[in-house]
Structures are given as C-alpha cells and as structure tokens.
Amino acid sequence: MSDRSGPARVPFPDVLDPLTSVRFFLALGVVLFHYQLYWTLPAESAGLLNRTRLGVDVFFILSGFILTHVYLQGDRPLDYRRFLAARFARIYPAHLSILLAMLGLVLAAPLFGVGLEQGRFNPIDFAGTLLLVQAWFPRETLVLWNGPAWSLSAEWFAYLAFPVYAALALRLRARPWVLIALAAILFVALDAIYRVQFGRVLPRAEDSMGILRIIPEFLYGIGLYYLGKRWTPSARMSVMGALAATAALLIPMQIGVDDRIIVAAAGPFILTLALLAKADVRTFLSHPVALFAGEASFALYLVHIPVLMVWRNAAQAFAGWSGDYRMALGELAAMLLLTLAAAAAIHIFVEQPGRRWLRGRMAPQRADPIEARRSVHSDQGEPF
C-alpha cells in the first residue's frame, strides 16, 4: 500500500459496498450464536459460533468509521440537529415496531397458557428500552423486552456524544495513529474498571453499562477511517489485505482467543473491506442481493430473539415440550427462514417508510449532497 499521496488526498469513494453487505454476515453470526445455545449438537461443535456475538463490537467500530465518512468531511461544521434526526429515523421505526410487538406478545401470553418469569417483563425496563437508555446504568439482570436492543442503547449514546467525537476527530485527523492509540488506552482503562466492578471483560458488557463498550470502539473506527484515507492500495494488495484480515479475525474466534484481542483484530478487517472499495475491486459483496441483505440485517438482528422466544414458547405450550428442550438442525433451519422473511418484511414495510417519514418531519430541509450520496445505502455500514 502506498502512502505517497499523503493524508486525506485520496478519499474513499462515496459508497462503500463491502461495509454494507458484510453487515448481513455479522448479524447472521449473532443469530447463529443464539441458536447454538439450543441445538442438539455437543457444545464443542460450536467453535466459531461461540464468538460471533462479538459481531456487535465489529458494528460499534464500523459505526465510528461510517459516520466519519458520511458526516466529517472537510471543515464544514456538523449539523447536530440534522444528524440526530437522521440517526433517530434510522434506528427507531424497526425498534419501536418490534418493541410494541413484544408488548403485545407479553400481554397475550397468559391467554395461551404461556408462563413468563415473574417480574422480568416489567414497566420500568419497558420504559428504559423505549427511551434507549437501558444499557446506560449498572444492573443485575438482563432487559428481556428485546435483548439485542441493548446495543441500540449504546449506539444512541454514541450519537448523542458525536459532537465530542467530531471535535477530537477533526483536531487529530492528520494523526490517525494518535486517535487509534487514544482508543486503545480508553479500552484498556474501561476494561480494567469493568473487570473490577462487574467481574467481566469489557466485550461482555451488555445491559449493565453497555455504553462503556462502544466508547473506545467508536473512536477506534474514527481513527481507522483517517488512517485508510492515507493509503492507496492496488487491487491485488487490497484483495490480499482483506483475505489476510478476515483470516486474522476468524481464526482467533475459532480457537478461542481472548475477546479483547478479537476486538482489536476487527479493526483491520473493517479497514481492508473499505480499501476494497477504494481500489474499485468488485466482489460478491457488491451484488444487489448482498446489499439488500446488508440493509435488512438491522431488522434481522432485532427480530431474531422475539422469533426464537415465540417459537420455543409455542413448542412448550402446544406440543408439551419442556422449557430446556434442544432443537434439531432442521427445526433451526426452518426458524431461520422464518426469521429472514420477517426481517425482510420489517425492512421493506417498516424501516424504509418509517425512515422517510421521520426524516421528512424532523429534518425537512434538503440534505447536503455529500451526505446524501454517502448515505445511499441507509448510511451503509451502521447501525447495529
């Protein structure tokens, strides 16, 4: 890779197809992580799937990368109101629709003889999930209204704090390694604090102070973006780099390397995928089907736990199976197909019209041309 062009002289193309499409595989990994908790195969057969939950960390890094790409160009100031309106319109329609569906299911459960754990679906947790603050505070139990939405709570925190990130990014954009070093220092410090307070490493933070997890990872993505702007790879080098970075991410996941090392390895993975687009390399990640799957991945991530919950409760209520029954691979495949169909429907009939409606009312003025081009795929690589 060449650095001859100097910092910020060779920009990324407006649209980074690989970062859109890869979202589907990351979301699918999280889905399969939850599925393997219930399958009939022995625990040691999970391998890679035990670590695909770390796809959330990949998305947090990806958010910092993409939001820098879309909103932090040149010296123009950030339109914070428009930014928040766009972010809210991006995440809230699918989140609200699935949360309300969960409320309906919880209220209807007693009518079908489905027993729910006492006190776990409570009004306070519902309000916290509705307001996307459920991962901002310490807690002892999981928020069950829709478990995956804890990461939306963390994302929303990063959106609110984006002016701080933007100020730091614009000040240090000519020194991306400093941004990356700051992210690493923050990660180490917050990891140490989290281990002392909660007894777990930072990549295990979810409902209990999950916002700590995104703070350094979002900054890591910003630093990677400015680093990538310095490099002008050939097509051959970009392909080799992407293959090497993918292997460097997946192999440690398979052999059970420490979560924190895997999070570090996610950075080069994202950067090399973006450099594929910079080198104008077309792969299967640029295919329209892959792009649609990446677009619908947000709905897939949010809806898979409700579908899993309904499926298993229906099996218990109507087939008389025990609550801890194991699922055969054929049953899991059928449930996955149902989940994919539900995600596509939510994306087409809820996400897209909901986003247009909200943006038209919250930020009706014409979008900045650069922002409009760079957010053509629903802001491409984020959010999760």
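From Arg82, Arg120, which residue is under 28 Å from Thr141 (Cα atoms), in contact (Cβ under 8 Å) with a residue 24 or more places away in the chain and surrounded by fewer than 22 Cβ atoms within 10 Å (Cβ to Cβ)?
Exactly one of Arg82, Arg120 is under 28 Å from Thr141 (Cα atoms), in contact (Cβ under 8 Å) with a residue 24 or more places away in the chain and surrounded by fewer than 22 Cβ atoms within 10 Å (Cβ to Cβ), namely Arg120.
In segment 319-334, which residue that is touching a residue at least 40 places away in the same chain (Cβ under 8 Å), closer than 26 Å to Pro110 by Cα and of a type in the set (A, V, I, L, M, F, W, C) is surrounded by the fewest Cβ atoms within 10 Å (Cβ to Cβ)?
Leu332
Does any residue of segment 58-74 turn out to be modelled with pLDDT under 90, farther than 21 Å from Ile305 by Cα and not charged (D, E, K, R)?
Scanning segment 58-74, I find at least one residue that is modelled with pLDDT under 90, farther than 21 Å from Ile305 by Cα and not charged (D, E, K, R), so the answer is yes.
Taking segment 255-277 as the search range and keeping residues that are of a type outside the set (Val, Ile, Thr), at pLDDT 95 or above and more than 18 Å from the chain's Cα centre (by Cα), which one is surrounded by the fewest Cβ atoms within 10 Å (Cβ to Cβ)?
Asp258
Just give me the residues in segment 79-118 being within 26 Å of the chain's Cα centre (by Cα) and not in a helix (DSSP H, G or I), in sequence order.
Asp79
Quick one: which residue in Leu340, Leu308 is under 30 Å from Trp150 (Cβ atoms), open to solvent by 50 Å² or more (accessible area, probe 1.4 Å) and under 20 Å from the mean Cα position of the chain (by Cα)?
Of Leu340, Leu308, the one residue that is under 30 Å from Trp150 (Cβ atoms), open to solvent by 50 Å² or more (accessible area, probe 1.4 Å) and under 20 Å from the mean Cα position of the chain (by Cα) is Leu340.
Go over the candidates Leu99, Leu152, Leu142, Leu103 one by one and state the one that is of a type in the set (A, V, I, L, M), under 15 Å from Leu302 (Cα atoms) and either open to solvent by 20 Å² or more (accessible area, probe 1.4 Å) or modelled with pLDDT under 95 (or both).
Selected residue: Leu103, the only one of Leu99, Leu152, Leu142, Leu103 that is of a type in the set (A, V, I, L, M), under 15 Å from Leu302 (Cα atoms) and either open to solvent by 20 Å² or more (accessible area, probe 1.4 Å) or modelled with pLDDT under 95 (or both).
Here are the criteria: (1) more than 17 Å from the chain's Cα centre (by Cα); (2) surrounded by fewer than 23 Cβ atoms within 10 Å (Cβ to Cβ). Tell me which single one Ser238 does not satisfy.
Only one criterion is unmet by Ser238, namely (2).
Pairs under 9 Å by beta carbon, first residue in a helix (DSSP H, G or I) and buried (at least 20 other Cβ atoms within 10 Å of the Cβ) in segment 31-59, partner at pLDDT below 90 and of a type in the set (D, E, K, R), six or more apart or different chains?
Close Cβ pairs (under 9 Å, with a partner that is at pLDDT below 90 and of a type in the set (D, E, K, R)) amount to Phe59/Glu382.
Of everything in segment 185-207 that's in contact (Cβ under 8 Å) with a residue 40 or more places away in the chain and assigned to a helix (DSSP H, G or I), which residue is most open to solvent (accessible area, probe 1.4 Å)?
The selected residue is Gln197.
Of the numbered conditions (1) more than 30 Å from Gly228 (Cα to Cα); (2) touching a Pro at 6+ places or on another chain (Cβ under 6 Å), Ile91 fails exactly one; give the number of that condition.
(1)
Would you mind telling me which numbered condition in (1) closer than 26 Å to Leu329 by Cβ; (2) open to solvent by less than 30 Å² (accessible area, probe 1.4 Å) Ser63 fails?
Tallying (1) closer than 26 Å to Leu329 by Cβ; (2) open to solvent by less than 30 Å² (accessible area, probe 1.4 Å), Ser63 fails exactly one: (1).
Take Ala290 and decide whether it is in contact with a helix residue (DSSP H, G or I) (Cβ under 8 Å, 6 or more places away or on another chain), aliphatic (A, V, I, L, M) and open to solvent by less than 40 Å² (accessible area, probe 1.4 Å).
Spelling it out, Ala290 is indeed in contact with a helix residue (DSSP H, G or I) (Cβ under 8 Å, 6 or more places away or on another chain), aliphatic (A, V, I, L, M) and open to solvent by less than 40 Å² (accessible area, probe 1.4 Å).
Give the residue, chosen from Ala149, Ala181, that is among the small types (Gly, Ala, Ser) and over 18 Å from the mean Cα position of the chain (by Cα).
Ala181
Taking segment 134-162, which residues are of a type outside the set (Gly, Ala, Ser) and touching a helix residue (DSSP H, G or I) at 6+ places or on another chain (Cβ under 6 Å)?
Gln134, Trp136, Val143, Trp145, Asn146, Pro148, Leu152, Phe157, Tyr159
The values are calculated or read from the model by the stated rules, or taken from the named source; none is laboratory data. Note that the structure is predicted; figures quoted are calculated from it, not measured. Heads up, the Cβs are rebuilt from the backbone with ideal geometry, glycines too, and the neighbour counts pull from every protein chain shown. Accessible surface areas use protein heavy atoms only, side chains included; no ligands, DNA or RNA. Shrake-Rupley method; radii C 1.70, N 1.55, O 1.52, S 1.80 Å.
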